[in-house]
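> Quick one: the structure is below, and I'll ask about it shortly.
The values are calculated or read from the model by the stated rules, or taken from the named source; none is laboratory data. These figures come from a predicted structure and were not determined experimentally. Glycine also receives a Cβ, built like all others from the backbone with ideal geometry; neighbour counts cover every protein chain displayed. Accessible surface is based on the protein model in full, side chains and every heavy atom, while ligands, DNA and RNA are left aside. Shrake-Rupley method; radii C 1.70, N 1.55, O 1.52, S 1.80 Å.
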Amino acid sequence: KAGVTQTPRYLIKTRGQQVTLSCSPISGHRSVSWYQQTPGQGLQFLFEYFSETQRNKGNFPGRFSGRQFSNSRSEMNVSTLELGDSALYLCASASYRAKAYNEQFFGPGTRLTVL
Amino acid sequence: QKEVEQNSGPLSVPEGAIASLNCTYSDRGSQSFFWYRQYSGKSPELIMSIYSNGDKEDGRFTAQLNKASQYVSLLIRDSQPSDSATYLCAVSGYSTLTFGKGTMLLVSP
């Protein structure tokens, strides 16, 4: 079974620009969560989508948004980029169908650098 | 505010020894507990999940959960240099995961 895929793997942007990151979950998984990882703050939860609906949201400004499509693929968008948005952005998928229903499996991440 | 606390380390152990990693959490309503391993420059990899009090063993790994003490641990037996990584503890109520900042483990040959 193919794992979680994320594109692009690396991205360099300048302040004020916007960026869209993409995530394809494991086949059959309906939940996609997004996280931001930085050396200082660790892994922080951004939001979770389940069956095209945002189910949970972390404590991030409105510049961070996301969506999920009917095939469970998800995108997240960051508008008006700031230097502090430089981070590894990770998505994780979960099935919520099996015994270990909320095990989350991570993709390789997108490394975003804001100059 | 849900919190998950881990000692940042590094925890240094010699090859062949048992490595013991610990984690405490603040939310008594937490139901699911996970350990992830993260190599430098890579994404987290799920290595253990535990849902009920007691021990769960998988190969060289044993996860231990004590909900009354709000404490989770991971034991790695016969530690290998390839186990050198950051180990992240994650706690969940139903869906969202709250992560600790991780403990760096260094296994010396």
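> Tell me the residue from A:Gln36, A:Gln41 that is modelled with pLDDT under 95 and either in contact with an Asp or Glu (Cβ under 8 Å, 6 or more places away or on another chain) or not acidic (Asp, Glu) (or both), please. First the steps, then the outcome.
Working: A:Gln36 fails: modelled with pLDDT under 95.
When all the criteria are applied, what remains is A:Gln41.
> Now for a different question. Report whether or not B:Thr62 is part of a strand (DSSP E or B) and within 14 Å of chain A (Cβ to nearest Cβ). Break it down into steps so the answer makes sense when it comes.
Working: part of a strand (DSSP E or B): yes; within 14 Å of chain A (Cβ to nearest Cβ): no.
In short, no.
> Going through the stretch A:95-110 one residue at a time, which ones are among the charged types (D, E, K, R), open to solvent by 40 Å² or more (accessible area, probe 1.4 Å) and at the interface with chain B (Cβ under 10 Å from one of its Cβ atoms)? Before you say what the answer is, go through the steps one by one.
Of the stretch A:95-110, the ones among the charged types (D, E, K, R) are A:97, A:99, A:103.
This time we only want the ones that are open to solvent by 40 Å² or more (accessible area, probe 1.4 Å), so: A:97, A:99.
If the condition is that a residue be among the charged types (D, E, K, R), open to solvent by 40 Å² or more (accessible area, probe 1.4 Å) and at the interface with chain B (Cβ under 10 Å from one of its Cβ atoms), then A:Lys99 is the only one that fits.
> So which residues in the stretch A:83-94 are among the hydrophobic types (A, V, I, L, M, F, W, C) and either open to solvent by less than 10 Å² (accessible area, probe 1.4 Å) or in contact with an Asp or Glu (Cβ under 8 Å, 6 or more places away or on another chain) (or both), if there are any at all? Walk me through it before giving the result.
Initially, the stretch A:83-94 is screened for residues among the hydrophobic types (A, V, I, L, M, F, W, C), giving A:83, A:87-88, A:90-92, A:94.
Within the stretch A:83-94, A:Ala87, A:Leu90, A:Cys91, A:Ala92, A:Ala94 qualify.
> Among residues belonging to the stretch B:18-59 that are among the hydroxyl-bearing types (Ser, Thr, Tyr) and in a strand (DSSP E or B), point out the one that is farthest from A:Ser93 (Cα to Cα).
Of the stretch B:18-59, the ones among the hydroxyl-bearing types (Ser, Thr, Tyr) are B:20, B:24-26, B:30, B:32, B:36, B:39-40, B:43, B:49, B:51-52.
From the residues that got through so far, the ones that are in a strand (DSSP E or B) too are B:20, B:24-25, B:32, B:36, B:49.
Values: B:Ser20: 28, B:Thr24: 25, B:Tyr25: 23, B:Ser32: 16, B:Tyr36: 14, B:Ser49: 15 Å.
It comes out as B:Ser20.
> State whether the residues of the stretch A:65-72 include one that is of a type in the set (D, E, K, R) and either open to solvent by 20 Å² or more (accessible area, probe 1.4 Å) or within 9 Å of chain B (Cβ to nearest Cβ) (or both). Please lay out each step first, then the result.
Taking the stretch A:65-72 first, the residues of a type in the set (D, E, K, R) are A:67.
Now drop any that are not either open to solvent by 20 Å² or more (accessible area, probe 1.4 Å) or within 9 Å of chain B (Cβ to nearest Cβ) (or both), which leaves A:67.
Within the stretch A:65-72, one or more residues are of a type in the set (D, E, K, R) and either open to solvent by 20 Å² or more (accessible area, probe 1.4 Å) or within 9 Å of chain B (Cβ to nearest Cβ) (or both).
> Looking for whichever is assigned to a strand (DSSP E or B), hydroxyl-bearing (Ser, Thr, Tyr), modelled with pLDDT of 95 or more and open to solvent by 40 Å² or more (accessible area, probe 1.4 Å) here; the options are A:Thr80, A:Thr113. Which one fits?
Details: A:Thr80 fails: assigned to a strand (DSSP E or B).
After applying the criteria, what remains is A:Thr113.
> In addition: Of all residues being of a type in the set (Ser, Thr, Tyr) and either within 11 Å of another protein chain (Cβ to nearest Cβ) or in a loop (DSSP other than H, G, I, E, B) (or both) in the stretch A:1-42, which is most open to solvent (accessible area, probe 1.4 Å)? Just the residue, please.
Let us first name the residues in the stretch A:1-42 that are of a type in the set (Ser, Thr, Tyr), namely A:5, A:7, A:10, A:14, A:20, A:22, A:24, A:27, A:31, A:33, A:35, A:38.
So of that shortlist, the ones also either within 11 Å of another protein chain (Cβ to nearest Cβ) or in a loop (DSSP other than H, G, I, E, B) (or both) come out as A:14, A:27, A:31, A:33, A:35, A:38.
Values: A:Thr14: 68, A:Ser27: 85, A:Ser31: 1, A:Ser33: 1, A:Tyr35: 0, A:Thr38: 26 Å².
For the stretch A:1-42, the residue satisfying everything is A:Ser27.
> Only one of (1) surrounded by fewer than 19 Cβ atoms within 10 Å (Cβ to Cβ); (2) at positive phi is not met by B:Tyr51, so which one is it?
Just one mismatch for B:Tyr51, condition (2).
So that you can scan it fast, the table gives a plain yes or no per residue for (1) within 11 Å of the chain's Cα centre (by Cα); (2) buried (at least 21 other Cβ atoms within 10 Å of the Cβ):
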| site | (1), (2) |
| --- | --- |
| B:Tyr36 | yes, yes |
| B:Pro44 | no, yes |
| B:Leu75 | yes, no |
| B:Ser82 | no, no |
| B:Thr103 | yes, yes |
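> Something else: Would you say A:Lys13 is of a type in the set (D, E, K, R) and touching a residue at least 40 places away in the same chain (Cβ under 8 Å)? Write out each step before concluding.
Working: of a type in the set (D, E, K, R): yes; touching a residue at least 40 places away in the same chain (Cβ under 8 Å): yes.
Criteria met by A:Lys13.
> Return the residue satisfying two criteria in turn: it lies in the stretch A:45-64 and is part of a strand (DSSP E or B) and open to solvent by 60 Å² or more (accessible area, probe 1.4 Å), and of such residues it is nearest to the other protein chains (Cβ to nearest Cβ). Explain how you work it out, then say what you get.
Just the residues of the stretch A:45-64 that are part of a strand (DSSP E or B), to begin with: A:45-50, A:53-57, A:64.
Imposing the further condition that a residue be open to solvent by 60 Å² or more (accessible area, probe 1.4 Å) reduces the set to A:53-55, A:57.
Values: A:Thr53: 12, A:Gln54: 12, A:Arg55: 6, A:Lys57: 9 Å.
Looking at the filtered set, the residue picked out is A:Arg55.
> Can you pull out every residue in the stretch B:87-101 that is open to solvent by less than 50 Å² (accessible area, probe 1.4 Å) and either among the aromatic types (Phe, Trp, Tyr) or facing another protein chain (nearest Cβ under 10 Å) (or both)?
If the condition is that a residue be open to solvent by less than 50 Å² (accessible area, probe 1.4 Å) and either among the aromatic types (Phe, Trp, Tyr) or facing another protein chain (nearest Cβ under 10 Å) (or both), then B:Tyr87, B:Leu88, B:Ala90, B:Ser92, B:Gly93, B:Ser95, B:Thr96, B:Leu97, B:Thr98, B:Phe99, B:Gly100 are the ones that fit.
> Looking at this structure, is A:Ser93 among the small types (Gly, Ala, Ser) and not in a strand (DSSP E or B)?
No, not satisfied.
> Right, here's the next one. For B:Ser32, all conditions in the list (1) open to solvent by less than 40 Å² (accessible area, probe 1.4 Å); (2) under 18 Å from A:Asn102 (Cα atoms); (3) more than 15 Å from the chain's Cα centre (by Cα) hold save one; what is the number of the exception?
That leaves (3) as the condition not met.
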